[in-house]
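Report on the following structure.
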């Protein structure tokens with residue numbers, strides 16, 4: 001594992017993503033799997049194909065190459081609809097109170113941010129989006145017992161999470177999107193990649209139920 | 001179509017192969033057989049390749065009825081196995097005939113046991129694997145009434161083959177290497193990690209196994225909750241309250257708790273099969289030694305097909321003798337599931 005910093009910053013995460021791309025481009029034969037995370041990257045190697053010492057020197061050499069600024073905005077751009085109303089955002093009120101904003105202002109703020117998919121993790125297709133303004137510095141709830149349905153938008157600690165499967169969570173659920181970023185039966189299976197950029201826009205309950213998700217994948221150019 | 005129907009399940013049962021490789025970057029746990037050595041044993045017994053999927057039992061077992069004729073194999077932790085009430089040896093191959101009832105129960109050693117069908121189980125394949133991952137709804141979930149179908153058309157394999165029981169069911173030491181978070185822990189915690197003993201708890205599942213340090217506790221790194229980093233099976237995680245666990249095949253793809261060290265890949269079957277209450281120590285090895293051990297265990301796995309031995313059986317105990325065709329001397333065997 002290679003670590004690029006202690007916490008999330010756009011620069012640290014960009015270095016992770018650039019390192020990921022370098023490894024992908026070079027197509028290193030003894031690399032089994034590469035897992036980019038928020039501030040670190042796991043490189044899984046085949047121990048039958050290469051000696052560990054060589055792995056280390058290879059990675060050090062790759063790290064010594066200059067870091068290009070282009071990596072900062074290479075991601076695709078997505079606009080994702082979110083219904084913040086009623087049952088879709090059960091914790092919206094709580095987050096609004098904590099942040100000192102009205103619900104309307106909170107939604108406006110949440111939809112005004114350009115968010116980066118810092119990484120996918122925890123569950124299939126679940127994306128960690130960074131970074132929200134300081135109003136969203138909401139601690140995680142103590143209990144872990146709430147169920148977030150697929151498409152849920154969660155917030156805690158200035159991060160927002162966009163789920164693609166049902167998960168248990170201690171984060172606050174502020175909305176739900178009709179877009180589910182993971183499909184089992186068709187390739188590509190995942191809508192989002194680390195480095196992609198997301199902007200949310202609010203929709204009503206009615207628009208939520210009339211939404212055509214399949215068309216949405218198409219409209220992003222993902223067949 | 002030949003199949004094995006599940007009549008009863010006595011504990012957690014899943015379908016497992018080598019797991020989902022290449023999807024951890026999308027948040028998908030790798031999963032796969034808890035004991036990859038045992039999975040390979042069954043593949044060797046039936047002469048199948050390393051891609052096949054088997055039924056994995058975690059204690060318990062189950063009862064099955066056969067619709068068709070096929071050769072099956074068992075591996076992993078030893079269980080009691082009865083074919084139409086007659087006991088069969090574990091870790092061996094046998095042929096089951098239409099309407100015969102197979103009972104698997106009472107784990108005698110280890111925790112995870114496997115039942116293999118010719119060509120592996122033909123179940124839904126998602127993201128390159130048939131492994132059941134219940135939490136994210138991937139793969140088939142075997143339940144009562146589910147039919148396990150063999151993937152191969154060649155249903156007849158050499159029966160009465162066996163493998164010697166491996167030695168890893170009674171272990172006293174697990175080998176570890178330091179990882180990227182090891183330095184965050186105090187010198188005394190790292191020293192104690194290999195000096196003091198641990199006890200395997202009963203609190204475990206496919207995601208991880210909780211272990212209890214005997215007469216001491218690893219200091220939780222208060223205030224040092226990390227940003228989520230990728231997890232690999234074998235990582236020894238210390239949670240915020242000091243709870244220590246070895247993360248296993250189905251661990252989450254990323255996690256924010258620090259990991260003091262990692263059990264080497266070739267020792268993961270030992271962790272998988274270690275029964276609650278077992279006392280053990282950790283033994284620190286270098287990355288180089290870990291790699292040598294990986295190579296050794298890989299060659300042990302590829303040599304399994306050379307270790308197959310015929311069972312020595314008493315003809316009077318051979319209830320399946322009646323099914324052999326002694327007269328024609330010709331058994332083509334392929335695709336023929338009616339006797």
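The values are calculated or read from the model by the stated rules, or taken from the named source; none is laboratory data. Computed from a prediction, not measured in an experiment: that's the story for all the values here. All Cβ positions, glycine included, derive from the backbone under ideal geometry; neighbour counts span all protein chains shown.
Quick one: would you say residue A:161 is crowded, with 22+ Cβ neighbours inside 10 Å and either on the phi > 0 side of the Ramachandran plot or not in a loop (DSSP other than H, G, I, E, B) (or both)?
No; evaluated as a whole, the condition is false for this residue.
I need the full set of residues from segment B:93-150 which are touching a strand residue (DSSP E or B) at 6+ places or on another chain (Cβ under 7 Å), within 14 Å of another protein chain (Cβ to nearest Cβ) and within 19 Å of residue B:35 (Cα to Cα), in order please.
Once the filter is applied, which keeps residues that are touching a strand residue (DSSP E or B) at 6+ places or on another chain (Cβ under 7 Å), within 14 Å of another protein chain (Cβ to nearest Cβ) and within 19 Å of residue B:35 (Cα to Cα), segment B:93-150 yields B:130, B:131, B:132, B:139.
Pick from B:221, B:226, B:184: which is surrounded by fewer than 17 Cβ atoms within 10 Å (Cβ to Cβ) and closer than 29 Å to residue A:157 by Cβ?
On the way: B:221 fails: surrounded by fewer than 17 Cβ atoms within 10 Å (Cβ to Cβ); B:226 fails: surrounded by fewer than 17 Cβ atoms within 10 Å (Cβ to Cβ).
Checking each option against the conditions leaves just B:184.
Of these, B:292, B:301, which one is more than 24 Å from residue B:107 (Cβ to Cβ) and at pLDDT 95 or above?
Answer to the check: B:292.
Residue by residue through segment A:139-149, note down the ones that are in contact with a strand residue (DSSP E or B) (Cβ under 9 Å, 6 or more places away or on another chain) and surrounded by fewer than 21 Cβ atoms within 10 Å (Cβ to Cβ).
Matches in segment A:139-149: A:139, A:140, A:141, A:144, A:145, A:146, A:147, A:149.
In segment B:195-253, what count of residues is obtained for those that are on the phi < 0 side of the Ramachandran plot and more than 22 Å from the chain's Cα centre (by Cα)?
Residues in segment B:195-253 being on the phi < 0 side of the Ramachandran plot and more than 22 Å from the chain's Cα centre (by Cα): 27 in total.
Pick from A:81, A:36: which is touching a residue at least 40 places away in the same chain (Cβ under 8 Å), more than 10 Å from chain B (Cβ to nearest Cβ) and surrounded by 14 or more Cβ atoms within 10 Å (Cβ to Cβ)?
Working: A:36 fails: more than 10 Å from chain B (Cβ to nearest Cβ).
So the residue among A:81, A:36 that is touching a residue at least 40 places away in the same chain (Cβ under 8 Å), more than 10 Å from chain B (Cβ to nearest Cβ) and surrounded by 14 or more Cβ atoms within 10 Å (Cβ to Cβ) is A:81.
Please find, among A:179, A:153, A:174, A:107, the residue that is more than 14 Å from chain B (Cβ to nearest Cβ), under 25 Å from residue A:35 (Cβ atoms), touching a residue at least 12 places away in the same chain (Cβ under 8 Å) and not in a loop (DSSP other than H, G, I, E, B).
A:153
Would you say residue B:190 is more than 29 Å from residue B:10 (Cβ to Cβ) and under 20 Å from the mean Cα position of the chain (by Cα)?
In short, no.
Name the residue that is nearest to residue B:3 (Cα to Cα), counting only residues in segment B:111-129 that are out of contact with any helix residue (DSSP H, G or I) (no Cβ under 9 Å at 6 or more places or on another chain) and part of a loop (DSSP other than H, G, I, E, B).
Residue satisfying both the conditions and the ranking: B:122.
Just the residues that are within 12 Å of residue A:119 (Cα to Cα) and at pLDDT below 95, please, taken from segment A:29-38.
Result: A:38, single match.
Could you tell me whether segment A:196-213 includes any residue that is farther than 22 Å from residue A:137 by Cβ, touching a strand residue (DSSP E or B) at 6+ places or on another chain (Cβ under 9 Å), surrounded by 14 or more Cβ atoms within 10 Å (Cβ to Cβ) and within 14 Å of chain B (Cβ to nearest Cβ)?
yes
Residue A:61 - would you say it is more than 30 Å from residue A:152 (Cα to Cα), facing chain B (nearest Cβ under 10 Å) and either in a helix (DSSP H, G or I) or under 16 Å from the mean Cα position of the chain (by Cα) (or both)?
In short, no.
Condition check ((1) closer than 23 Å to residue A:113 by Cβ; (2) facing chain B (nearest Cβ under 9 Å); (3) at pLDDT 95 or above; (4) buried (at least 20 other Cβ atoms within 10 Å of the Cβ)) across all residues:
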| site | (1), (2), (3), (4) |
| --- | --- |
| A:3 | no, yes, no, no |
| A:14 | yes, no, no, yes |
| A:17 | yes, no, no, yes |
| A:24 | no, no, no, no |
| A:70 | yes, no, no, no |
